[in-house]
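Structure record follows, encoded as structure tokens.
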Amino acid sequence: MRGETMFSLEIECAPERQDLLIAELWEQGSAGIAESNHTRLRAFFEDGADRQALLARFHALSWRQEEDCDWVARSRVNWEPMLVGERFFLVPEWRDDPAPARRFKIVVNPGMAFGTGVHETTQLCLEALETYVRHAMPLLDVGTGSGILSRAAALLGAAPVWACDVDPAAVSIARENAGPRVFLGSIDAVRSGCAGVIAANISPEAIAFLAPELLRCLRFGGTLLVSGFERHESGAVESAFQQHGGMIRATRLKRSWALLVVDQGRLPAI
């Protein structure tokens, strides 16, 4: 707000979790969020906010007092609606822009579209969902974060859509965005062969660890869409799936980030 003194926190976060972090910062009353670099964010708060509690909650690296200016206006100036893929139109929540013809409008938490827009891995996943989701196809979103992929899949006609995350804050946020079929936990709670498409936009270490579970939950003929890693990290993810019988069908790239399209690679045992 104009005339209010502010402080800011610098917070480190893996790129694939930034959407969730920003959503939580906004929930905690942040007046603006900026990208310091691809692994650090700076979040601005009015001086009346509990600085010590915020420092502890977000494990902030540092804080600083800020000059007196209109931080809300400054933080919003670069936040524009954006087109993603062929079907999606992402709009910051304070704007009411109508969706162009034949596109689905998704109202996003402001941090999800800051600066250059949605993170590249989120864009890769949204674009891949357009390719692989079919009407009434069951979909599972693992590590859902803010729930944007689940919401997008439902708009494309996937049904039912389930989502999970091990972070309680993520589950709370995702339920607001993606509906009630979001549960606290991981894929080990999901029955085998239930999903026609599984999306997982999480860390490469988590994907490699969960590779056998991801393949187990995929129905025969289904598709795994995994991202959250850079192209130089994709080899380790590929190896993890291949060790468990998975087949890499395609690789999609956006700048330095990658998405792998995986299936079971073999007929089910009889």
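What the table below lists for this structure:
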{"item": "Matching residues in region 7-24 - criterion: being part of a strand (DSSP E or B) and within 17 Å of Pro92 (Cβ to Cβ)", "result": "none"}
{"item": "Sole exception among (1) at pLDDT below 90; (2) more than 23 Å from Leu20 (Cβ to Cβ); (3) of a type outside the set (A, V, I, L, M) for Glu238, by number", "result": "(1)"}
{"item": "Some residue of region 176-189 being assigned to a strand (DSSP E or B), among the acidic types (Asp, Glu) and in contact with a helix residue (DSSP H, G or I) (Cβ under 8 Å, 6 or more places away or on another chain)", "result": "no"}
{"item": "Checking Ala53 against (1) assigned to a helix (DSSP H, G or I); (2) modelled with pLDDT under 85, the condition it does not meet", "result": "(2)"}
{"item": "Subset tally (residues that are within 21 Å of the chain's Cα centre (by Cα), touching a residue at least 40 places away in the same chain (Cβ under 8 Å) and in a strand (DSSP E or B)) for region 204-230", "result": "6"}
{"item": "Filter result for Trp63 (modelled with pLDDT under 85 and either touching a Phe, Trp or Tyr at 6+ places or on another chain (Cβ under 9 Å) or within 24 Å of Ala169 (Cα to Cα) (or both))", "result": "no"}
{"item": "Flag if Val171 is surrounded by 15 or more Cβ atoms within 10 Å (Cβ to Cβ), assigned by TED's automatic domain parsing to the domain that holds Ser146 and in a helix (DSSP H, G or I)", "result": "yes"}
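The values are calculated or read from the model by the stated rules, or taken from the named source; none is laboratory data. Note that the structure is a prediction, hence the values are computed from the model and not measured. All Cβ positions, even for glycine, are placed from backbone atoms using ideal geometry, and neighbour counts span all protein chains on display.
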